[in-house]
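Notes to accompany the following structure.
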Amino acid sequence: MDTEISKVIKHLQEKQRELLDKAEKVGATISSLREVFSDQLRLPEVLPPLAVVEQGRPVGEYVGMTIGDAGIAYLRKAGAPTKTRIIGNALEAAGVRSEDIYRALYNALNNRKREVRLNARKQWELLDWSQR
């Protein structure tokens, strides 16, 4: 049985290496596209960080924040209007947990009308962006 477990672990480690290699290639491709099209597109500079756990506790830029605070922090970092789904995905990837993160995020941001608004394209934007 130990040899079977060893084989499974070895197989999973190989798959992990393959996925990390693919992720590195995707990151390089994104960087190249950003350089080529930076003057034509307004792309967020931020990709959602992966959730990190150290000693059984989550570690990351959104840890300890409310969902509303985390959403606004993401928008500040992204620097561009963003849909609820995209922000929610980024927060989940960073380890933020909620039973229905999209509904919780929408409601939290909707209650912060002095800081954010939903534009005509159904994207959240910071009010201070309109003063640029």
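The values are calculated or read from the model by the stated rules, or taken from the named source; none is laboratory data. Note that the coordinates shown come from a computational prediction; the quantities given were computed from them, not determined experimentally. Every residue, glycine as well, gets a Cβ built from its backbone with ideal geometry; the counts of neighbours run over all protein chains shown.
Hey, can you tell me all the residues within the range 116-132 that are of a type in the set (Asp, Glu) and buried (at least 16 other Cβ atoms within 10 Å of the Cβ)? Before the answer, list the steps.
To start, the set of residues in the range 116-132 that are of a type in the set (Asp, Glu) comprises 125, 128.
Passing the criteria: only 125.
Got at least one residue in the range 93-103 being part of a helix (DSSP H, G or I) and either surrounded by fewer than 12 Cβ atoms within 10 Å (Cβ to Cβ) or not assigned by TED's automatic domain parsing to the domain that holds residue 70 (or both)? Taking every residue of the range 93-103 in turn, none turns out to be part of a helix (DSSP H, G or I) and either surrounded by fewer than 12 Cβ atoms within 10 Å (Cβ to Cβ) or not assigned by TED's automatic domain parsing to the domain that holds residue 70 (or both). Pairing each residue of the range 63-82 that is in contact (Cβ under 8 Å) with a residue 24 or more places away in the chain with any residue that is of a type in the set (S, T, N, Q) and in a loop (DSSP other than H, G, I, E, B), provided the two are 6+ apart or on different chains, yields C-beta distances under 8 Å for 67/98; 68/111; 81/119; 81/123; 82/123.
Are any of the residues in the range 56-68 under 16 Å from residue 92 (Cα atoms), assigned to a helix (DSSP H, G or I), out of contact with any strand residue (DSSP E or B) (no Cβ under 8 Å at 6 or more places or on another chain) and at pLDDT 80 or above? Within the range 56-68, one or more residues are under 16 Å from residue 92 (Cα atoms), assigned to a helix (DSSP H, G or I), out of contact with any strand residue (DSSP E or B) (no Cβ under 8 Å at 6 or more places or on another chain) and at pLDDT 80 or above. Here residue 113 fulfils each of the conditions (1) under 12 Å from the mean Cα position of the chain (by Cα); (2) in a loop (DSSP other than H, G, I, E, B) apart from (1). Within the range 78-100, does at least one residue satisfy the condition of being modelled with pLDDT of 90 or more and of a type in the set (Lys, Arg)? Yes.
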